[in-house]
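K.L.:
Attaching a single structure in structure tokens format; questions to follow.
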Ligand SMILES: Nc1ncnc2c1ncn2[C@@H]1O[C@H](COP(=O)(O)OP(=O)(O)OP(=O)(O)O)[C@@H](O)[C@H]1O
Ligand SMILES: [Mg+2]
């Protein structure tokens, strides 16, 4: 696992009497593409604004690249690039002129080669004298990305970057981000309320709902959670597992604590033998309080964790 890039401790933001986000413990490591997923109003932008320093937390702590404290954070933020609010582009200028202006603002010396590289990366190197006001939405988005990339950041933060892009634009955007991670070893935080936009990209997810981080999970863990399995509830879990290993040759099995009815066993093999397992266990006096087959797709998993509304719902 890579070095920690972001760590928040009990981070919160209160507006008046109301929390926009509360008690956030987020951890993002080097090389991850961290997909922050949550419905409209869940708190994604609020978290991102605090990380980028646009607003100040009312509670808790932020650590960036291992640094905390306001001064150190300011310095650490120079290693970040971000697109948070509607990016500031000058409509009457060309792509190159926009980047030149930004490079001056950032105090980048010898900017010509950096700008050339950024334009190429964003696929805008052939836009010539075309003004930004005549750009398509996708081109503007890519220019914003080029702008965020100018200072050669190690950590890129994108708040709903594909909002309004067409399917082709979404695919292009995804490939571009993937290549940044693969070639430059970058770390990316990307938020969306649309799961399908993140699901082909993210290596890790933070699920945020109603201002709280409900779960943080890697893609590998997630796949395992969603895999088809037999779930079996018994007060004699260890005995049951050793019986199943002996009599059903099961190896891929997990035990988890669960409530008063005993422990839950998850069995990932021999799924069609569910009835036989149940009967065999009863026969040897191992009580089975519940047995079921479970497994779900990503969408269902997220919906179950959040308020139960589809993640694509709500007004933008
Ligand atoms: N400046 C503010 N003043 C008061 N309330 C705010 C402010 N900014 C955000 N909020 C509230 O905080 C909550 C979280 O908002 P936030 O913008 O972080 O959500 P989001 O997940 O980014 O939503 P979306 O998907 O619509 O962009 C909302 O209830 C919002 O109304
Ligand atoms: Mg938002």
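We did not get these values from a lab; they are worked out from the coordinates using the rules stated. Please read all numbers here as calculations on a predicted model, not as lab measurements. All Cβ positions, even for glycine, are placed from backbone atoms using ideal geometry, and neighbour counts span all protein chains on display.
K.L.:
Counting only the backbone N, which residues of region 260-282 are under 17 Å from the spot 7 Å out from the Cα of residue 292 toward its beta-carbon?
P.N.:
Hits in region 260-282 for residue 292 at 17 Å: 260-268, 274-275, 278.
K.L.:
Let me ask something else about it. Which peptide among 208-215, 61-68 comes first, and what is the full order, when sorted by highest mean count of other Cβ atoms within 10 Å?
P.N.:
208-215, 61-68
K.L.:
Quick one: helix 137-149 against the long Cα principal axis of the chain, what's the angle to the nearest 10°, folded into 0 to 90?
P.N.:
With both axes taken from Cα atoms, the answer is about 90 degrees.
K.L.:
Could you sort 225-233, 174-182 so that the peptide with the highest average Cβ count within 10 Å comes first and the rest follow in order?
P.N.:
Taking the mean over residues of other Cβ atoms within 10 Å, the ranking is 225-233, 174-182.
K.L.:
Restricting to bridges with both residues inside region 4-219, how much of the DSSP beta-bridge set is antiparallel, in percent to the nearest 5?
P.N.:
Close to 55 percent.
K.L.:
Using only Cα atoms and rounding to the nearest 10 degrees, what angle (0 to 90) does helix 95-106 make with the longest principal axis of the chain?
P.N.:
Long axis of 95-106 versus the principal axis of the chain: about 90 degrees.
K.L.:
Here's a follow-up. Can you give me the C-alpha center-to-center distance between region 105-120 and region 24-39, rounded to a whole angstrom?
P.N.:
29 Å
K.L.:
Show that you can apply the helix-only estimate: for the chain, add -39,500 (n - 2.57) for every DSSP H stretch of four or more residues, divide by all residues, and state [θ] at 222 nm to the nearest 500.
P.N.:
Result for the chain: -10500 deg cm²/dmol, rounded to the nearest 500.
K.L.:
Also, quick follow-up: How do 183, 120, 264 line up, fewest other C-beta atoms within 10 Å first?
P.N.:
Going from least to most buried by this count: 183, 120, 264.
K.L.:
Additional query: Pick out which of 145, 165, 261 has the largest mean-square fluctuation in a Gaussian network model of the chain, springs linking Cα atoms closer than 10 Å.
P.N.:
Of the options given, 261 has the highest mean-square fluctuation.
K.L.:
Right, something else. With a 10 Å radius around each residue's Cβ, average the other Cβ atoms per peptide and rank 8-14, 154-160, highest first.
P.N.:
154-160, 8-14
K.L.:
Please determine, in degrees from 0 to 90 and to the nearest 10, the orientation of helix 111-121 with respect to the longest principal axis defined by the Cα atoms of the chain, where the helix direction is its Cα long axis.
P.N.:
For 111-121 against the chain, the angle is about 40 degrees.
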